[in-house]
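Please read the structure below before turning to the comments.
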């Protein structure tokens, strides 16, 4: 079984407590047995890890969390002074390692609950983030020179210092890597692997990002990775932290923004989306409908997809008919099943509250509105929710 200690100041920091990552497929197939084994292992009770367990991560204590921030603060000035070309080279090396580890990275994401379709899409997105074109654009943002009126003008962006990243639980793997792009700007980084899904974040940082930093000779402590409970309060209180990248709901995010400002930290917010698509009378529905159906990917938990549509009356009925037929073909399944895009929805209560509110205010249910088991059958306790359209 693979064990990931915390990574602090270039060293492995182990613990007497671990978070055990279990296969989502095993949870869906036999919830009680799988979660009981996970709990027993985490409590130190006698048990044998078995095939449901994909690995474990050391649980960091408060001292380790603070040591990670302190190590980053020591490394930050030297890393910020590293030539920009070297930092851009880091991006190239990360991309090379993603390509090399692509299959294994996708497998880890699938084991922790991402469907294979979405995991492959996310990893391909990371390849675009670290593509030569994107890295060139980043380099141009960091340093620009031009002449005006006989003068040489230079615009140079400077690193903030220590950036802490708290990736979201619904998409932690890719967002942890997105947060680590702060390294390219010359910041030292601390990444928290969430307790609910820690293994893939640890994998991405330990197997992809950290080796790339080692290869270019980055200062020890430039990247630190810890697994533990929410650390936002610790980071706000820490004298070593400059920025916090926060993913989450809008209300909590805006409140956290105020806390950051009061503590002298820069908040970088990635908040919940509430996007709208417009389908007009001259739209090509053969292209519009498949695009709108992607809103159900990850059971609607992707922040940058639309959740509402404004349709021209002339094509509204046909659009709704096609959406209803398309939604009927989107079914749940195990993460590794081909073509599956629905994922378990742990916040289903909020979904039903939103649906009830819409119907109570005059909306009409076109399709959906029920919980589903992994086999697609309706159930009061299913982990999935039917793709739902209301008018």
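Restricting attention to region 271-292, which residues are under 30 Å from residue 346 (Cβ atoms) and either in contact (Cβ under 8 Å) with a residue 40 or more places away in the chain or surrounded by fewer than 18 Cβ atoms within 10 Å (Cβ to Cβ) (or both)?
Listed by number, the residues that qualify are 271, 272, 273, 274, 275, 276, 277, 290, 291.
Working only within region 301-331, note down all residues that are closer than 24 Å to residue 169 by Cα, in contact (Cβ under 8 Å) with a residue 40 or more places away in the chain and in contact with a helix residue (DSSP H, G or I) (Cβ under 9 Å, 6 or more places away or on another chain).
302, 330
Just to check your reading of the model, which residue among 218, 193, 176 is crowded, with 20+ Cβ neighbours inside 10 Å and farther than 21 Å from residue 270 by Cβ?
Within the list 218, 193, 176, the selection yields 218.
What tally of residues in region 352-375 results from selecting those that are farther than 16 Å from residue 325 by Cα and surrounded by fewer than 18 Cβ atoms within 10 Å (Cβ to Cβ)?
16
Quick one: in region 297-316, which of the residues that are touching a strand residue (DSSP E or B) at 6+ places or on another chain (Cβ under 9 Å) and assigned to a helix (DSSP H, G or I) is surrounded by the most Cβ atoms within 10 Å (Cβ to Cβ)?
Initial filter on region 297-316 (touching a strand residue (DSSP E or B) at 6+ places or on another chain (Cβ under 9 Å)): 299-300, 303-312, 315-316.
Okay, now just the ones that are also assigned to a helix (DSSP H, G or I), so 299-300, 315-316.
On the way: 299: 24, 300: 18, 315: 17, 316: 15.
Filtering first and then ranking leaves 299.
Just so you know, all these numbers are worked out from the coordinates, no wet-lab data involved. Keep in mind that this is a model prediction, so the values were computed, not measured. Here Cβ is always computed from backbone atoms with ideal geometry, including for glycine, and neighbour counts include all displayed protein chains.
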